[in-house]
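The values are calculated or read from the model by the stated rules, or taken from the named source; none is laboratory data. The structure displayed is predicted, hence computed values, not measured ones. So basically every Cβ, Gly included, is an ideal-geometry build from the backbone, and we count neighbours across all protein chains shown. For accessibility, only protein heavy atoms count, side chains too; no ligands or nucleic acids. Shrake-Rupley method; radii C 1.70, N 1.55, O 1.52, S 1.80 Å.
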Amino acid sequence: MSSIIQLLPDHVANQIAAGEVVQRPASVVKELLENAVDAKATDIKLIIKDAGKSLIQVIDNGVGMNVTDARLCFARHATSKIRQAEDLFSLHTKGFRGEALASIAAIAHMEMKTKQDQDELGTHIIIEGSKFVSQEAAVVPKGTSFAVKNLFFNIPARRNFLKSDTVEFRHVMDEFQRVALAHPNIHFTFYHNGSEMYNLPAAGYRQRIVGIMSGKTNEKLVPVNEDTEIINIQGFVCKPEFAKKNRGEQFFFVNDRFIKSGYLHHAVMSAYEGLLKDGCQPSYFLFLQVPPNTIDINIHPTKTEIKFDDEQALYAILRASIKHSLGQFNVAPVLDFDRDANLDTPYHYKDMEAETPTIQVDTTFNPFTDDKTNQHYSKASSGTSSYSSSGASSGSSYSGSSFSGYSKRVEPTASWESLYVGLDTENPESIESSPFTFENEEVTSSLFNEDEVEQVAQKTYQIHKKYIVSPIKSGMIIVDQQRAHQRILYEQFLLNMTVNQAASQQLLFPLDLFYSASEMKQIEELKPSLETTGFVFDDSKTDHLVVSGIPVNITESEVSLVIEQLLSDLQDGIPANSFSQNDTIAKSMAKSLAVKTGSYLTEKEQDNLVNGLFACKDPNISPFQKPTFITMRVEDIDKKFAL
Ligand code: ADP
Ligand code: MG
């Protein structure tokens, strides 16, 4: 049999590689900007048309390329940035794979002009779908200019897959912002369809952040600075009162590269613990420098995750330094209304050296002697009760004074009855009538009928401020409070929007809410749908929204939250038809207004929630397709006990 394996021709291999490197115009923007940064440019211009679909041009004043390199740079695995595998451990450039230009050239019309400082003439190359169309000497300024036109011209499926200009533009914007934030010392300009989006002169981090975000950002920022052997942290976090509903302004850079890290994000969030309103997200711009050999260099071109050698230490340092900054700038105590002041470190302890805890050991302690001795022991060590429990291996030490609360519960006489305390005593049949008789219920879509809930579920219990447990005839249901409330609100909003004319409450003083130009554009588009929920808007200005009436089921203070959430839910564009617009709005409002996990609910509220849920058309799932409750039948419980 003849052999069947063949090497793929270069242009095919390049097209395949392009699938990984270039997903959308924004990927090209990222690669070209990063190349310009790597070329040590001090001035970089980005020019795009139609969100990058018809043109992406990046012009830099960097080192440029000589004739040979100008041709070679389009070859696959052609890079000037590493020579051997070891170089990967001391990487100081963005690129190193030598794949980007080859990939882009495979799926677009590309034109490059480049010149090195010392050369008289530069090189002008045109390459289309991996084919060199022309190469000539040309009079061009120092540096390099790439123009990429008609992206995916030869892969119609990919081209059709692109989203609307609004969405693609947003992605380009994200990439631009990431590179521009990481390199404040470079002058960046950005034009879209002929209008200037940004002109950012070389500056420091603070000015760059303010230049990119909006004018008001400056007053929100608190600096963070920390220099240790394993990490240097610079940057800013925002004061808690300016936290937003979305995660749009959260940036980590590691060695000047934008990264995402759930773990480090968690460290930041934990530094804000107790300072943020429910569901709010602080903005942060954190620039971390670590030795290149302590991170995993195998960074996929399109991925932004990263692995650190010593994550735990970084976590601790990051958290501590942000906490310190928030404290130092006196943000914490002022805003911390809800916190129990008793839990705070008294001020005069701040900055004091922590004392090493000492363990007092009672050398006379003998666990086998009688109770009297034990009590003596417990008292003697009452200051260090946590040690006394581990020190005393015999169970009897729990009867000592420091555990008196606990000992009451384990006293044999009180224990079994106490298991029933709180269960429905006014309605004893609910337990007695059929505690262990099972109805061989078929699992129907609603799992139990509604009267069953009404009659039996007169008692509800909240556990972990998260679930509502309620006994039903066949066992019990466990309701997820947040999801259940989302379902209720979602159906309410949808009903208001589609059937009822929603009632509106007039505000005494209209609210002025400030948004960026692109956000305002989105809000304008949504106004008709929002009005059906009960919002009333006055004529808005270009940079702010004037709200004069709000839906009856929300409060004034929730308005900005609702709109922020809505904007963040619409990052992928506004749905075209009004039905899905209503659906998106109802979902988003349900999400922002629903009680959250962690909220305490009174018995009445728990009751309303359970009843409200089962009055819904579709009580089984949340608007986000997650189960709202589960049923545990007595059989299921029995099975657990049978183990
Ligand atoms: P990588 O950046 O991974 O090396 P690329 O395909 O992006 O791979 O670029 C290939 C090479 O082309 C780079 O290593 C660099 O030498 C050269 N190059 C690309 N863009 C520029 C630029 N704007 N200025 C100077 N040289 C460039
Ligand atoms: Mg590159």
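Considering segment 567-587 alone, what residues qualify as being in contact (Cβ under 8 Å) with a residue 24 or more places away in the chain and of a type outside the set (Ser, Thr, Tyr)? It would help to see each step written out before you state the result.
Looking only at segment 567-587, we keep the residues that are in contact (Cβ under 8 Å) with a residue 24 or more places away in the chain, and these are 567-568, 570-574, 578, 581-583, 585-587.
Answer for segment 567-587, where residues must be in contact (Cβ under 8 Å) with a residue 24 or more places away in the chain and of a type outside the set (Ser, Thr, Tyr): LEU567, LEU570, GLN571, ASP572, GLY573, ILE574, GLN581, ASN582, ASP583, ILE585, ALA586, LYS587.
Just name the residue that is farthest from ligand 1 (Cβ to nearest atom) out of those in segment 75-93 that are touching a Phe, Trp or Tyr at 6+ places or on another chain (Cβ under 8 Å) and not charged (D, E, K, R).
Looking only at segment 75-93, we keep the residues that are touching a Phe, Trp or Tyr at 6+ places or on another chain (Cβ under 8 Å), and these are 79, 81-82, 87-88.
Pick out the ones that are also not charged (D, E, K, R) and you get 79, 82, 88.
Values: THR79: 3, ILE82: 8, LEU88: 12 Å.
So the residue we want is LEU88.
Report, by residue number, each residue of segment 1-60 that is at pLDDT 95 or above, of a type in the set (Val, Ile, Thr) and within 15 Å of ligand 1 (Cβ to nearest atom).
If the condition is that a residue be at pLDDT 95 or above, of a type in the set (Val, Ile, Thr) and within 15 Å of ligand 1 (Cβ to nearest atom), then VAL28, VAL29, VAL37, THR42, ILE44, ILE47, ILE56, VAL58, ILE59 are the ones that fit.
Quick one: is SER103 within 16 Å of ligand 2 (Cβ to nearest atom) and not in a strand (DSSP E or B)? Give the derivation first.
Numbers: within 16 Å of ligand 2 (Cβ to nearest atom): yes; not in a strand (DSSP E or B): yes.
In short, yes.
In this structure, does VAL63 turn out to be among the hydrophobic types (A, V, I, L, M, F, W, C), open to solvent by 40 Å² or more (accessible area, probe 1.4 Å), touching a residue at least 24 places away in the same chain (Cβ under 8 Å) and within 8 Å of ligand 1 (Cβ to nearest atom)?
Working: among the hydrophobic types (A, V, I, L, M, F, W, C): yes; open to solvent by 40 Å² or more (accessible area, probe 1.4 Å): yes; touching a residue at least 24 places away in the same chain (Cβ under 8 Å): yes; within 8 Å of ligand 1 (Cβ to nearest atom): yes.
So VAL63 passes the test.
Go through (1) within 30 Å of VAL210 (Cα to Cα); (2) surrounded by fewer than 18 Cβ atoms within 10 Å (Cβ to Cβ) and name the single condition ILE186 misses.
(2)
Collect the residues in segment 118-174 that are within 14 Å of ALA26 (Cβ to Cβ) and in a loop (DSSP other than H, G, I, E, B), keeping them in residue-number order.
LEU151, PHE152, LEU162, LYS163, SER164
Have a look at GLU128, GLU168, GLU99 and point out the one that is surrounded by 17 or more Cβ atoms within 10 Å (Cβ to Cβ), closer than 18 Å to ASN14 by Cβ and more than 10 Å from ligand 1 (Cβ to nearest atom).
Values: GLU168 fails: closer than 18 Å to ASN14 by Cβ; GLU99 fails: more than 10 Å from ligand 1 (Cβ to nearest atom).
Exactly one residue qualifies, and that residue is GLU128.
Starting from residues that are within 15 Å of ligand 1 (Cβ to nearest atom) and open to solvent by less than 70 Å² (accessible area, probe 1.4 Å), keep the ones in segment 136-165 and report whichever is farthest from the chain's Cα centre (by Cα). Spell out how you get there, then give the answer.
Initially, segment 136-165 is screened for residues within 15 Å of ligand 1 (Cβ to nearest atom), giving 140-148.
Imposing the further condition that a residue be open to solvent by less than 70 Å² (accessible area, probe 1.4 Å) reduces the set to 140, 143-148.
On the way: VAL140: 44, GLY143: 38, THR144: 36, SER145: 35, PHE146: 34, ALA147: 34, VAL148: 32 Å.
Result: VAL140.
Filter segment 11-23 down to the residues that are surrounded by fewer than 23 Cβ atoms within 10 Å (Cβ to Cβ) and under 27 Å from the mean Cα position of the chain (by Cα) and list them by number.
Just the residues of segment 11-23 that are surrounded by fewer than 23 Cβ atoms within 10 Å (Cβ to Cβ), to begin with: 11-13, 15-17, 19-20, 23.
Within segment 11-23, GLY19, GLU20, GLN23 meet the criteria.
Enumerate the pairs (first residue in segment 20-32 and under 16 Å from ASN160 (Cα atoms); second residue anywhere and hydroxyl-bearing (Ser, Thr, Tyr)) with beta-carbon separation below 7 Å, excluding pairs fewer than 6 apart on the same chain, so at least 6 apart or on different chains.
Cβ pairs passing all conditions: VAL22/SER103; GLN23/THR302.
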